Amino acid sequence: MASRTRLQLENWVKRIKVDGGSKVLDIGGSQNPVKKRLGSPGEASEYIILDLKEPHELKQEPDIVWDLNLGIGTDSFSWQNLGYDKYKRYFDVAFCLEVTEYLFDPVQTLREIESLLKPGGLLYISFHFVYPVHAPEGKDYLRYTEFGANRLLEEAGFEIIENTPRFAEAVDFKFYYDLEKMRGLRNYNHHIIGLLSKCRKK
């Protein structure tokens, strides 16, 4: 059974329509390709998946086998030497769904994603704020507040078009925080447990 936060994500993705002729980058899409989940999957001219081959089960082989934590063209096993340099400023739309917790240098990685988009290109990206540590063990690094996610995107060269909060439905976090005597921000909805963002490359 899918988690509530996963259902919120899928309902959001289902409403996204990709313009005809778009070149789409699906980051981390080998397990669950975005093409099958969109409201209008058939309109794009090209879908390219960027992902690792391991450690997860593959539903579709990645077109670009790469770990964004390594950087693009900056290490000895070079992005350029693999022939991937042609993808700089190549894509009209990028999806980065349920990946951000695995990025240990998110500002740099988001800048690299930005470099793969054409000027004015769109990025659809998801963030978790509250989520248990999960597999693969030792690779789940970060969680993001709403403010942190916005700042990261802006630092990486994106303009935020729209943010959709993800909400906890079964747990009263305000009650929990009060019980633990934690000092939460007043006049803030503490049931927000993540963010779904639509952004544009500046």
Checklist line | Computed [θ] at 222 nm, helices only, for the chain once each DSSP H run of length n ≥ 4 contributes -39500 (n - 2.57) | finding: -5500 deg cm²/dmol
Next item on the list: Please report, in debye to the nearest 20, how large the charge dipole of the chain is about its Cα centre when each Lys and Arg carries +1 at its beta carbon and each Asp and Glu carries -1 there.
Entry: 640 debye
Next item on the list: Quick one: go through region 1-36 and flag any residue whose amide nitrogen is under 19 Å from the point 7 Å out along the Cα-to-Cβ line of V130.
Entry: 2-10
Item checked: Listed residues L152, L52, L185, most fluctuating in the chain (Gaussian network, C-alpha, under 10 Å) -> L185
Note to self: Tell me the net charge near E101. Cut-off is 10 Å between Cβ atoms, E101 excluded, with +1 for each Lys or Arg and -1 for each Asp or Glu.
What the structure shows: 0
Margin query: What does the extension gain come out to for E61 and K174, with contour length at 0.36 nm per residue minus their alpha carbon separation?
Written below: 36.4 nm
Next item on the list: May I ask you to sort F175, F158, F127 by Cβ crowding, counting other Cβ atoms within 10 Å and putting the fewest first?
Entry: F175, F158, F127
Checklist line | chymotrypsin sites (Phe, Trp or Tyr not before Pro) within region 1-100: DSSP coil, no more than 14 neighbouring Cβ in 10 Å | finding: F77
Note to self: Per residue, how big is the convex hull of region 1-115 when only Cα atoms are used? Give it in Å³.
What the structure shows: 115 Å³
Next item on the list: Mind putting together the pair-distance distribution for region 1-47? All Cα pairs, 10 Å bins, whole percent per bin, short to long.
Entry: 27, 55, 16, 2
Next item on the list: Using R₀ = 35 Å, calculate the FRET efficiency as 1/(1 + (r/R₀)^6) where r is the Cβ-Cβ separation of R89 and N163; round to 0.05.
Entry: 0.85
Next item on the list: Quick one: work out the % antiparallel among DSSP beta bridges in the chain, nearest 5.
Entry: 50 percent
Next item on the list: Would you work out the relative contact order for the chain, in percent, from Cα pairs under 8 angstrom that are 6 or more residues apart?
Entry: 19 percent
Notebook entry, point to check: Sorting M1, M182 on the 10 Å Cβ count, fewest up front, what's the list?
Noted result: M1, M182
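Coordinate-derived values only; no laboratory data. Please read all numbers here as calculations on a predicted model, not as lab measurements. In this analysis, Cβ positions are derived from the backbone assuming ideal geometry, glycine residues included, and neighbour counts consider all displayed protein chains.
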